[in-house]
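Report on the following structure.
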Amino acid sequence: MNIILKFSLIFLILISLVSCSKTEADPETIYKDYLASIQAMNSMSENDYQSFISSRAKAVVNDKIDAVNEDQLERFLTLFKAEAVLPEHSRVSLNSVNQDSPVLEILIENYPEKGSSQKQNVRFVQEHGWKIDKIEVTTSGEDFEFKSTTY
């Protein structure tokens, strides 16, 4: 009887340890999943990507979508998908100086064309797991610089 009680106690402890050890996805994995969800979209009415963004970012998206018609949304989808890429030779680093809002920094040389570069700063906030709050992209070359903010 003692052996059964000991095994039962060990079993309950192991179950509680396994359930407590659930790890939260890291910002880089979340960002890659977010990009994949955008690439899978066929129309702007598909909003699976919104599960990856913060409440503030969702409000920005809703304001933008409410302000345009269906034709404009389809053109926006083309642009949205074109910007939602992580080129193969990207250097990705996580700046976690501020643990409350880490920034995933992505630097790509010779992108989108030879001699240019692109830097993406993806800011995260904690909302029941990490959520993307703001994406800032700076593309520059010898005689130009273009900045855009997604959210």
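The values are calculated or read from the model by the stated rules, or taken from the named source; none is laboratory data. Nothing here was measured: the structure is a model prediction, and the numbers come from that model. Methodologically, a virtual Cβ is constructed for each residue, glycine included, from the backbone with ideal geometry; neighbour enumeration extends over all protein chains shown.
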Q) What are the residues in the stretch 36-94 that are farther than 30 Å from Asn110 by Cβ and β-branched (Val, Ile, Thr), if any? A) Val60, Val61, Ile65, Val68
Q: Run down Ser116, Ser148 and say which single residue is without any contact (Cβ under 8 Å) to a residue 60 or more places away in the chain and among the hydroxyl-bearing types (Ser, Thr, Tyr).
A: Ser116
Q. Restricting attention to the stretch 11-40, which residues are modelled with pLDDT of 95 or more and outside any helix (DSSP H, G or I)?
A. Ala40
(Q) Cβ contacts < 7 Å: first residue in contact (Cβ under 8 Å) with a residue 24 or more places away in the chain and crowded, with 16+ Cβ neighbours inside 10 Å, restricted to the stretch 129-144; second residue part of a strand (DSSP E or B) and among the small types (Gly, Ala, Ser), any location; separation 6+ or different chain. Result? (A) Val137/Ser148
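Conditions tested, residue by residue: (1) at pLDDT below 90; (2) closer than 11 Å to Pro27 by Cβ; (3) among the hydroxyl-bearing types (Ser, Thr, Tyr).
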residue	(1), (2), (3)
Asn98	yes, no, no
Glu105	no, yes, no
Glu109	no, no, no
Gln120	no, no, no
Gly129	no, yes, no
Glu145	no, no, no
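I need the full set of residues from the stretch 66-89 which are polar (S, T, N, Q) and either in contact with a Ser or Thr (Cβ under 8 Å, 6 or more places away or on another chain) or in a helix (DSSP H, G or I) (or both), in order please.
Listed by number, the residues that qualify are Gln72, Thr78.
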Q) Here are some conditions: (1) surrounded by 12 or more Cβ atoms within 10 Å (Cβ to Cβ); (2) more than 18 Å from the chain's Cα centre (by Cα); (3) of a type in the set (S, T, N, Q). Thr150 meets all but one. Which one does it not meet? A) (2)
Q) Scanning for something under 14 Å from the mean Cα position of the chain (by Cα) and closer than 17 Å to Ser54 by Cα, does the stretch 89-102 turn up at least one residue? A) yes
Q | Residue among Asn110, Asn95, Asn69 that alone is within 23 Å of Ala40 (Cα to Cα) and free of Cβ contacts under 8 Å to residues at least 40 places away in the same chain | A | Asn69
**Q.** Options Val92, Val61: the member that is β-branched (Val, Ile, Thr), in contact with a strand residue (DSSP E or B) (Cβ under 6 Å, 6 or more places away or on another chain) and at pLDDT 90 or above
**A.** Val92
